[in-house]
Every structure is written in C-alpha cells, then in structure tokens.
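J.: This structure is in structure tokens; I'll ask about it shortly.
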Amino acid sequence: MNVRTRLLIGSAALALAASPALGQELPGEGTSIQPIVTTTAEELFQHFILFEGLEQLGYEVEDPLELGEYGSLHVALANGDADFTAVHWRILHEAFFENSGGDEDLERLGVFVENVLQGYLIDKATAEEHGITNLEQFQDPEVAALFDTDGDGTADLTGCNPGWGCERVIEHQIPEYGLDDTVTHNQGSYFALVADTIERYEQDQPIFYYTWTPLWVSGVLVPGEDVEWLEVPYTSLPDDPDATAEQTSADGKNLGFAVDNIMVLANDDWAAENPAAAAFLEAAEVPIDDISAQNLLMQEGEDDRDDIRRHTAEWIEQNQEAFDSWVEAGLTATAD
C-alpha cells in the first residue's frame, strides 16, 4: 500500500489510539509548549504529528506562532519567544542558526526529514529539443530567451521568497555562474509564482523554476516525466566555500544545493528544562515521500486545518508503532 493510498484511508478525526503512557503520570502535565511555524501551510502536517505526540505526553500545545521569514523564526526561538519548530534545514539555514546565537541559544534535536533536495528545473520538451542540461548554458542569450516571459530578453526564473535560505543561494549563484545579464530571479509569493509557471506548462510554454522537496510541486510537474533537473557547472554555496560536488549531488546530478536534512530546532534552555519533550522530538522522523503525498492532497483541495488534522490522524494510525516509540522515548527520558 503506497503512501497516498494510506493517507486517503478512512475519515478518522484526531481521536487516536491511546497513548502507551495511559495510566502513568504524564511528564508534560501542567506545562504548555509554544511552537512556531512559517506561513507556508504545506509545513503544518508534520508539525501536527508532533503536536499530537506532545499532547499524549501531557503537554498543552498552544496554537503555533507564524512568521513569514525563516531568519526571524530562528531569532524568535533564540529569544525564547517560542519553544521549537520542525523546519530548520541543517545546511541551508546555517547562517540563520549562527546569526541567532548558535549553540549557545539553540538546540538541534533529531533529524526529522532526511535527504531533502532543491534545485533548478525546466520543462522536458524544451530540454530535449535544445539539449539543455546545465544552468551554465543560460549564459547563451539564445537559450535564455527561450524562457523569457516578459519580453526583456532574459530568462525568467520562478524563484525564492525574500528572506528564505534559498534566496541567498540563488542570489549567490546567478553572478557566480555568469548569469547576471541573462537570468532574472523573479521573487514574491512563491506559490503564486509557481501557479503561473504550471499554467504556462499546461499551455505548452517553456518553464524555468526553482523548487524543493518535500513539496507538492514535484507531484504536479514530475521530474523525469514533465520536467528535468538542471545541473550546475560546479558547486558554489554562499556559506560553505569548501563544499564539494558530492555534497550537492543526487542521482548522479550536481543540483547546486546541498542535499540536506530538516531538523527539529528548539530553544536551548527550553530543551534542557523539558527532557521528555526534547527526547520525543529527537526521536521523531517522517519520510519525505509521506510529506510530499500529503502536500499534493492539499494542492488538490484538501487544504484547510480540518483536512490537515485528518491527514495527520490517518498518518499516525498507519504508523502507530513508530509513533508510539517516539512517545515512549519521551517517557523514558523522564524516568532517567
């Protein structure tokens, strides 16, 4: 049974199987937790999974704070305005981590989602017709003009929101790869921009865009079928001048962005004061394909909070043994 099928099974609400802690004094009783998330709704599902586990440990989980920029989110955690988030990219957000106080103020807990990817893609038809495989080819004005959507002669890249970590990488790589005169980095609301990109694809027009996984975009524009990842000429990252092609390659292609892990990030003092919650968060791990599948359901219309809670309940039910083991890790930490 695949992930998408599992997510669609049943219509259970968040009345889940009893916690293994039933009958025990719960470590979180009397303690509230303040999570923080971004305004990207596609990141709520994995947080809701964590909220349910923390509640089974007895904690009261407050409605999450929301911020639009990842840098500000890191600062809020370091300042103690919030307790934890599950959207910290270990490599991509390194500058945000260090600029917010680093290990003195923040605690990286477990690897929550493994092997997340980012990069540049174009439609498969244009790639094959013109033999385009590498971002470096966009130095050629004739190649760039294929992806010009506003008539100025430069390729229009559907890019990254201001304030996101990917913005720093893209803004570094455009001049690094000699693309200042041929590529325009279009920014704004990513999901509005990518909706326009998908519409152009459906009209058989060339498309050039940035995306990441896990996300629904690669379920609509499927790499290898509809679109192709572009390679970069060599590895160059703004925060790691010594990064190698091995660190930025997946499936034999150098995508230009580090293959990364998403981690749970917590306020350092809070993690020390709440060992049960910290142990639970460190143990938790959700497969990347499960998140992408849920995100695709959202893109298809199941996108309000009740839908996401239902997806959460279904995922936990289908992964009950693993979920219960995370809760048990929290209980064990308390007993130590």
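J.: If amide hydrogens are placed 1.01 Å from N in the peptide plane, which non-local residues have theirs closer than 5 Å to the one on ASN134?
T.: Correct list: GLU231.
J.: Would you mind checking which residues have amide H under 5 Å from TYR120's amide H? H placed 1.01 Å from N; only 5 or more apart, or other chain.
T.: HN-HN under 5 Å from TYR120: LEU230.
J.: Kindly write out, for the stretch 106-120 in residue order, the coupling ³J(HN,Hα) from the Karplus curve 6.51 cos²θ - 1.76 cosθ + 1.60 (θ = phi - 60°), rounded to whole Hz, with x marking Gly and Pro.
T.: 10, 10, 7, 9, x, 6, 8, 9, 8, 6, 7, 10, 9, x, 10
J.: Okay, moving on. For the stretch 118-254, restrict the atom set to alpha-carbon positions and state the Rg and Dmax in Å.
T.: Cα only, the stretch 118-254: 13.9, 42 Å (Rg, Dmax).
J.: Multiply the residue separation of GLU285 and ASP303 by 0.36 nm, subtract the distance between their alpha-carbon atoms, and state the gained length in nm to one decimal. Intermediate results must be reported in sequence, preceding the final value.
T.: On the way: separation 18, 0.36 × 18 = 6.48 nm, distance 2.26 nm.
Between GLU285 and ASP303, full extension yields an extra 4.2 nm.
J.: So, one more: For GLY256, which sequence-distant residues (separation of 5 or more, or a different chain) have an amide H within less than 5 Å of its own amide H, given hydrogens modelled in the peptide plane?
T.: VAL232
J.: With the Cα gyration tensor of the chain in hand, give its eigenvalues times 5 under a square root as the equivalent ellipsoid semi-axes, listed largest first in whole angstrom.
T.: On the way: eigenvalues 294, 101, 50 Å².
Over the Cα atoms of the chain, the semi-axes work out to 38, 22, 16 Å.
J.: Here's another thing I want to ask about it. Bins of 10 Å, beginning at zero and ending with the bin holding the largest distance: percent of Cα pairs per bin for the stretch 135-207, please.
T.: The distribution over the stretch 135-207 is 21, 49, 29, 1, given as percents.
J.: Using only the alpha-carbon atoms, how far is helix 288-299 inclined from the longest principal axis of the chain? Give it as 0 to 90 degrees, nearest 10.
T.: That helix lies at roughly 80 degrees to the long axis.
J.: Now for a different question. For ALA272 and ASP181, compute 0.36 nm times the residue count separating them, minus their Cα-Cα distance, and round to one decimal in nm. Mind dumping the intermediate values first?
T.: Details: separation 91, 0.36 × 91 = 32.76 nm, distance 5.05 nm.
Full extension from ALA272 to ASP181 adds 27.7 nm.
Taken together, the values in this text are just the output of simple stated rules run on the coordinates, not laboratory data. Everything numeric here is computed off the predicted structure, so don't read it as measured data.
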